[in-house]
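Report on one structure; see the data block that follows.
Read-outs throughout are calculated quantities, based only on the coordinates presented, and are distinct from any laboratory measurement. Here the structure is a predicted model, which is why all the values come from computation and not from measurement. Quick reminder, even Gly has a Cβ in these numbers, built from the backbone with ideal geometry, and neighbours come from all protein chains shown.
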Amino acid sequence: MEKRAQWGTRVGFLLAAMGSAIGLGNIWRFPATAYESGGGAFIVPYLFALLTAGIPLLILEYTIGHKYRGSAPKSFGRVSKGFEWIGWWQVTVAFVISTYYSVIIAWAIMYSFYSINLTWGDDPTSFFVGDFLTLVDPGDFGGIVPKILLPLLIVWVITLGVLSKGIKKGIEVANKIFIPSLVILFLIIVIRAVTLEGASDGLSSFFTPDWSQIGDPQVWVAAYGQIFFSLSIAFAIMITYASYLPKKSDITNNAFITGFANSSFEILAGIGVFAAIGFMAFQYDTTVGELAAEKGVGGIGLAFMVFPEIVNQIPGLPGLFGFLFFASLVLAGLSSLISITETYVAAVSEKFNLSRVKAVVFGGGLAAILSLFYATQGGLSLLDTVDHFINNFGVALAGLFEVVALTWFAKGLKGYQSHANSVSDIALGFWWRFCLGVITPLVLGYMMLQNLRAEIS
Ligand code: PHE
Ligand code: NA
C-alpha cells in the first residue's frame, strides 16, 4: 500500500485547520450575526453551540479522518459501505462553494489595489455598476483587457499550485505563511480601527447585550449556523485534513485549539468591524443603529460597499488601511479555498486512482471554469441564490446526515470515543456522546425545518 502523505509538524496541521476555519465567515458573517442576534448576549448561545456542537463535531471529524485515513467519501465508506454517499454529498457542497468563494477572493484582490489610490471613487454602489462586474472592459484597448479575469486567474493559480505540491510542501507551507501574516495584518487594522473617533460607540452597540433575544429560537439557530459554517464542519474538510495526521496526534486537544482560535479571530473581527462602523456613524453624525439599518453590516455589501466608504474617510493613510483590510480578506479567503478544494482533489484522486496533479487539473480546472459564471453582472444574483441554498440546505443536511449516520447507525460513538481517547490527553465521555447523539441532531433537524418553513412562506 502506498504510504499516505502526512503533515510535517503538529503546528503545520493546526495552522492548516485554522486557515480553513478562519475565513470570510469570521470577518463579515460573525460580526453581523452577533449584532443582529442580541449583541453581547449572543455570547451565550454562541458559546453553547461551540461547546455542544462545534468542538464535539470537530473531534468526531478529526477522529474519522485519523482512524480511516481517507478523503471524506473513502472514510465514510470505511465506516460503512452504505455511507460513502454522505462523503460525496459533502464534497459536492464543497465543490460548489469553491466556485464562488474564489470569485469573492478575486474581488478582494482588485479592491486591495483599488485601495491604494482609492480608485473606487466616492460612489459606494460602484461595486454594482456593470463595468466592474464584467469579465472584460470593452472600453479599454479594444475590448481585450481583462478585469476580474486576471485576479480570478491568480486565485486559481495559487490555490491549484499549492495543492499540486501536496500536503507538507504545499498546504502546510502556504498556511505557515498565510496565517501568521493574516494575524499581523488584522491586528494592525483592529488597532487602527479602535483608535478612530467614534469607535467606542461602535463597540458599545456591538457588545451591549439585548437579553430579551435569548429566548428567541431563531437566535439559537443563528448561533449553531454560525458555528458550523465558521468551523468548516460538515464540508468534508476537517475529515480530509485529519486523514494526513500521523498516528500519534492529540485529536481532542487539536480540536479545542482550532475551535478557540477560530472564535478568538471572530471576536477580534467583530471589534475591528464595529469600531470602523462607529467611526462612520460619527462622520455622518448618526447612530450606529441607524447606519447599520440603512447600509447593512455583513456580507458582500459590508466588504465592497461599506468598507470602501469608511476607508475614504480615514484620516492619514486611508489607502494603507484599505489595502490591509482587503489583503486580510485575500489571505483568510485563500487558506479556506485551499481547504475546500483539497476535499475534492483528494476524493477524486482516491476514487479514480489519479495522481494528485491530475486530480488538481481536472477537479480544480472544472471549478475554475465554473467560477467564471459568477464573475459577471448576472453572476452576483446567481451567487446569492446558490449561497442561500448551500447554506440553508446543503450544509445543514450534510451535518444532519453525518451525525445521524455516525452516532445512531453503524458502529456508534463508543468506538470513536476510545479511538480519540487512545491518542488524546483530554478524555471524552458521556457528555461528548450526548452532545453528538442527542443535542446536535435535534438542533440540526430543527434548523432544517425552520429553513424549509422560511422557504415555503
Ligand atoms: N470556515 C470558513 C469561514 O469562516 C468558511 C468555509 C466554509 C470555508 C466552507 C471552507 C468551506 O469563512
Ligand atoms: Na470561520
Legend entry - Surrounding net charge for Ile233, when Lys and Arg each add one and Asp and Glu each subtract one, Cβ distance under 14 Å: -2
Legend entry - Which of Pro315, Met110, Ala94, positive extreme of dipole for the chain (C-beta unit charges): Ala94
Legend entry - Neighbourhood net charge (14 Å Cβ-Cβ; Lys/Arg +1, Asp/Glu -1) for Gly298: -3
Inset, instruction - Compute the long axis of helix 251-283 from its Cα atoms, compare it with the longest principal axis of the Cα atoms of the chain, and write down the angle in degrees, 0 to 90, nearest 10. - result: 10 degrees
Legend entry - Lys, Arg +1 and Asp, Glu -1 on Cβ, resulting dipole of the stretch 350-424 about Cα centre, debye, nearest 20: 400 debye
Legend entry - the stretch 293-387 - percent relative contact order, Cα under 8 Å, separation 6 or more: 11 percent
Legend entry - Cβ-based charge dipole, the stretch 11-456, positive-most Cα from Leu444, Ser424, Gly25: Ser424
Legend entry - Order of Met110, Met238, Met18 under a 10 Å beta carbon neighbour criterion, fewest first: Met110, Met18, Met238
Legend entry - Net charge of Cβ neighbours under 12 Å - reference Ser20; Lys, Arg +1; Asp, Glu -1: -2
Legend entry - Unit charges on C-beta of K, R, D, E only; dipole of the stretch 11-456, Debye: 2420 debye
Legend entry - Using θ = phi - 60° and Karplus 6.51 cos²θ - 1.76 cosθ + 1.60, couplings along the stretch 288-304 (whole Hz; Gly, Pro as x): 4, x, 5, 4, 4, 5, 6, 9, x, 10, x, x, 4, x, 4, 5, 9
Legend entry - Straight-distance crosslink candidates among aspartates and glutamates, where the alpha carbon sits under 12 Å from Lys74 and sequence neighbours closer than 8 are dropped: Glu84, Glu350
Inset, instruction - Just tell me the longest site-free run in the chain, where the sites are trypsin sites (Lys or Arg not before Pro) in a DSSP loop having at most 14 other beta-carbon atoms within 10 Å. - result: 5-246
Legend entry - Candidate lysines for bridging to Lys67, where Cα separation is under 24 Å - those fewer than 8 sequence places away on the same chain excluded: Lys3, Lys81, Lys168, Lys169, Lys247, Lys248, Lys351, Lys411, Lys414
Legend entry - Three-way shape call for the stretch 11-456 based on the alpha-carbon gyration tensor, with the a/c threshold at 1.5: oblate
Inset, instruction - With a point put 7 Å past each Cα toward its Cβ, work out how far Gln450 is from Val157 in nm, to one decimal. - result: 4.4 nm
Inset, instruction - Work out how much length Leu382 to Phe113 would gain on full extension: take 0.36 nm times their residue separation and subtract the Cα-Cα distance, in nm to one decimal. - result: 94.3 nm
Legend entry - Relative contact order, percent, the chain [alpha-carbon distance under 8 Å, six or more residues apart]: 34 percent
Legend entry - Helix 55-68 axis, angle to the chain major axis (alpha carbon atoms, nearest 10°): 50 degrees
Inset, instruction - Give the angle, between 0 and 90 degrees and rounded to the nearest 10, that separates the Cα long axis of helix 149-164 from the longest principal axis of the Cα atoms of the chain. - result: 30 degrees
